[in-house]
Number of protein chains: 2
Amino acid sequence: MTQRIWNFSAGPAVMPEAVLEEARSNLLSLGTSGIGIMEHSHRGKAFLKVYEETEALCREVGGIPANYKVLFLQGGASLQFAMAPMNLLAKDRTADYLITGAWAEKARDEAQRFGSVHAACSSEDANFSYIPGECLFSAHPAYVHFTSNNTIFGTQFRSEPTPPPGADLICDASSDIFSRPLDISKYGMIYAGAQKNLGPSGVTLVIMRDDLVDRGPKDLPAMLQYRTHAKNDSMYNTPPTFAIYVVGLVLKWIKEHGGLAGMEERNQRKAGKLYSYLEQSGMFKPTARPDSRSLMNVTFVTGNEELDAKFCSAATKAGFDGLKGHRSVGGMRASIYNAFPEAGIDALIEFLREFEHQNG
Amino acid sequence: MTQRIWNFSAGPAVMPEAVLEEARSNLLSLGTSGIGIMEHSHRGKAFLKVYEETEALCREVGGIPANYKVLFLQGGASLQFAMAPMNLLAKDRTADYLITGAWAEKARDEAQRFGSVHAACSSEDANFSYIPGECLFSAHPAYVHFTSNNTIFGTQFRSEPTPPPGADLICDASSDIFSRPLDISKYGMIYAGAQKNLGPSGVTLVIMRDDLVDRGPKDLPAMLQYRTHAKNDSMYNTPPTFAIYVVGLVLKWIKEHGGLAGMEERNQRKAGKLYSYLEQSGMFKPTARPDSRSLMNVTFVTGNEELDAKFCSAATKAGFDGLKGHRSVGGMRASIYNAFPEAGIDALIEFLREFEHQNG
């Protein structure tokens with residue numbers, strides 16, 4: 001078999017090898033069923049068992065209270081950018097958005113189609129290199145929306161913002177869901193595309209308090225009402241069965257590795273090592289402000305675009321894939337989600353050190 | 001390895017073993033890339049190559065003219081039920097729907113939210129057991145929508161209805177796409193969830209003439225405008241990369257097996273054998289009218305519910321899975337899409353004959 005390389009992709013991203021191996025062994029026959037996992041009817045006993053186990057694991061791993069629904073939808077976070085305000089923002093109300101990056105802006109842009117929007121804070125003044133400390137909320141927002149981790153800019157909220165009384169907290173957690181313990185009861189809704197911390201692309205996890213599920217107008221298209229999916233256990237229509245199955249395997253892997261507390265410890269150690277190296281480097285500098293740095297996406301530059309390009313090219317050749325930074329930040333980005341192995345961090349630091357030594 | 005059984009599931013459904021084997025061999029490393037197919041960035045060279053090959057194969061196999069876009073979306077046919085009228089039915093216009101089953105009704109119900117709807121024909125009077133021969137169109141419909149194959153009722157259009165001048169033809173082809181040659185130029189839009197003839201659930205193929213792509217209002221949510229996906233080659237946001245990859249493998253398999261003409265010949269032979277047996281049987285009777293029978297879903301009954309149940313139970317024990325009919329028709333349904341092997345038809349006929357002999 002081909003040797004696996006270090007995959008720093010921002011998403012779809014590296015997955016645990018144990019998960020890939022288990023998926024592989026069930027492609028032609030799920031267990032002893034004689035039917036591959038992709039070929040099972042979503043209404044059949046075999047898949048229903050997979051679905052129930054995945055939901056139960058999600059509730060257990062995520063500590064999700066009984067008064068929250070767990071939904072597995074399609075369309076990615078981008079469809080949630082529209083669905084959330086369609087269902088939760090009345091035309092005469094205001095929603096507050098915390099503007100900490102490009103994805104927060106996209107979420108806000110969709111909300112503007114349905115009601116009023118207020119920017120409660122923004123870090124655009126410094127190219128989104130930090131998480132603002134204070135928010136100026138509107139008088140009575142319907143909800144407060146934030147992006148817990150900003151994949152492009154390498155910043156992450158240390159803890160949830162506190163919305164004003166009466167406003168629900170909504171979070172796009174696509175790039176740090178289940179990377180650390182969460183107090184779900186603080187949220188009205190959390191959503192996340194699976195392709196960073198949860199599994200393959202093509203399924204979106206939505207965790208939503210029961211009363212919000214039923215708040216949306218009933219004249220929306222059936223597929224765009226949360227209640228449709230909640231009433232039908234995410235099977236109003238054929239769900240992305242294979243993607244849900246793989247999410248279940250990833251959740252099992254998280255559970256076996258200490259749950260969310262285990263993930264947090266592992267992620268702090270991994271990112272800590274890398275930031276420590278960058279802090280003392282004479283060549284590479286982190287781009288995010290120390291108090292706002294992400295444990296998921298570590299962004300850094302040399303300060304010289306040519307040298308950045310030389311580094312990326314050398315890294316690719318040496319088996320470090322996906323390190324080129326997003327064009328809006330430049331430089332480099334190491335995406336090191338839950339499943340990224342610690343040995344890959346050690347190898348990257350060694351490679352950075354060597355490159356610095358040879359080009360310094 | 002566990003022996004594979006005969007899988008008559010209506011969808012997700014049986015897939016070619018060669019496809020499953022190729023997918024399996026690329027789960028931990030796509031070719032020699034060192035990164036599994038699910039883990040590759042959708043922006044990276046390796047996946048872009050997969051995407052381009054899949055689209056090119058789709059155009060080649062389907063004979064899709066250059067003035068049509070090929071899109072790979074999420075949300076299934078059910079989201080298309082809403083997206084099509086959102087984009088193509090102005091509030092003051094009428095769309096004509098051919099009511100040939102439960103899915104046609106669901107499509108019509110969503111269209112009613114956006115404009116007027118006219119039922120150009122219906123076979124509800126005989127529990128949708130036939131395809132009406134004549135349509136009574138409204139004066140100037142914006143489009144005419146039909147469901148080419150009715151999975152639940154086992155009926156299928158022999159050829160496309162001819163819409164009145166000026167009206168575009170829109171087709172939900174979820175359960176018979178690419179099962180026979182198609183003249184795409186007759187259509188404004190064809191859409192199909194992948195999970196019957198194209199691959200795993202979680203991706204929807206949309207084939208749409210260029211002028212329709214740009215017809216939708218620009219104040220719709222970005223994800224619900226066809227132009228968003230067309231402009232971005234289905235990568236406005238992260239697409240369901242693995243599902244698209246598998247669709248590509250299935251298209252390759254179709255091409256290697258004679259393309260759509262090969263599929264038609266194979267499907268006619270498979271369904272022909274089964275209907276011939278049912279026609280002469282003293283116990284089992286097809287439920288669909290002879291001129292309307294589907295080559296994809298063969299529905300039949302004994303006329304005795306207890307005997308139906310006894311048959312389904314015996315069939316399951318003998319390794320014939322998924323034969324229980326939909327509750328709205330009862331009896332049995334054999335879904336025998338492109339990938340269902342002819343040997344499985346022979347085995348089923350043998351089993352039917354034996355059951356009839358022992359219980360007649």
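Data table
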read-out	value
Number of partner chain Cβ atoms within 10 Å, mean per residue of A:38-48	6
Chain B - charge dipole about Cα centre, Lys and Arg +1 at Cβ, Asp and Glu -1, debye rounded to 20	460 debye
Nearest-first distances (nm) between copies at B:Lys49, label 7 Å from Cα via Cβ	3.9
Mean Cβ count within 10 Å, highest first, over the residues of peptides A:78-87, A:209-218	A:78-87, A:209-218
Long-range amide H partners of B:Ser122 with built H, under 5 Å	B:Ile99
Inter-chain shielding of B:92-102 (mean C-beta neighbours from other protein chains, 10 Å cut-off)	0
Cβ-vector label at 7 Å, B:Arg113, separations to other copies in nm	1.2
Note, ³J(HN,Hα) from phi for the range B:204-221, Karplus 6.51, -1.76, 1.60, rounded to Hz, x at Gly and Pro	10, 7, 10, 10, 9, 5, 3, 5, 6, 3, 9, 7, x, x, 8, 9, 6, x
Karplus-derived HN-Hα couplings along the range A:77-94 (A = 6.51, B = -1.76, C = 1.60, θ = phi - 60°), whole Hz, x at Gly and Pro	4, 4, 6, 5, 3, 8, 4, 4, x, 3, 8, 10, 10, 6, 4, 9, 10, 10
Solvent-accessible area buried by pairing A with B, both sides, nearest 100 square angstrom, 1.4 angstrom probe	4800 Å²
Inter-chain shielding of B:195-203 (mean C-beta neighbours from other protein chains, 10 Å cut-off)	6
For the range A:114-126, 3J(HN,Hα) per residue [Karplus equation, 6.51 cos²θ - 1.76 cosθ + 1.60, θ = phi - 60°, Hz, x = Gly/Pro]	10, x, 8, 10, 10, 7, 6, 6, 7, 10, 5, 4, 10
Nearest-20 debye value, the range A:259-359 charge dipole, Cβ charges on Lys, Arg, Asp, Glu	200 debye
Expected 222 nm ellipticity per residue - DSSP helices of 4 or more, -39500 (n - 2.57), all of chain A, to 500	-11500 deg cm²/dmol
Per residue solvent-accessible surface (Å²) - the protein assembly as shown, probe of 1.4 Å	37 Å²
Above-threshold pairs, the threshold being 20 Å between Cα atoms, out of A:Lys69/A:Lys231; A:Lys196/A:Lys255; A:Lys91/A:Lys218; B:Lys186/B:Lys273	B:Lys186/B:Lys273
Solvent-accessible area lost in complex, 30 Å² minimum, residues of the range A:10-33 relative to chain alone, 1.4 Å	A:Pro12, A:Leu20, A:Arg24, A:Leu27, A:Leu28
Neighbourhood net charge (10 Å Cβ-Cβ; Lys/Arg +1, Asp/Glu -1) for B:Leu20	-2
5 angstrom amide H check on B:Ser175, placed H, neighbours 5+ away	B:Asn149
For B:Gly133, label point 7 Å along C-beta direction: distances to other copies, nm	8.2
Residues whose placed amide H lies under 5 Å from that of B:Ser335, excluding near-sequence neighbours	B:Val298
Computed Kirkwood radius, in angstrom, where 1/r is averaged over Cα pairs of the range B:259-359	13.7 Å
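The values are calculated or read from the model by the stated rules, or taken from the named source; none is laboratory data. None of these values were measured; they are calculated from a predicted model. Every residue, glycine as well, gets a Cβ built from its backbone with ideal geometry; the counts of neighbours run over all protein chains shown. In case anyone asks, the SASA skips ligands and DNA or RNA and just uses the protein heavy atoms, side chains included. Shrake-Rupley method; radii C 1.70, N 1.55, O 1.52, S 1.80 Å.
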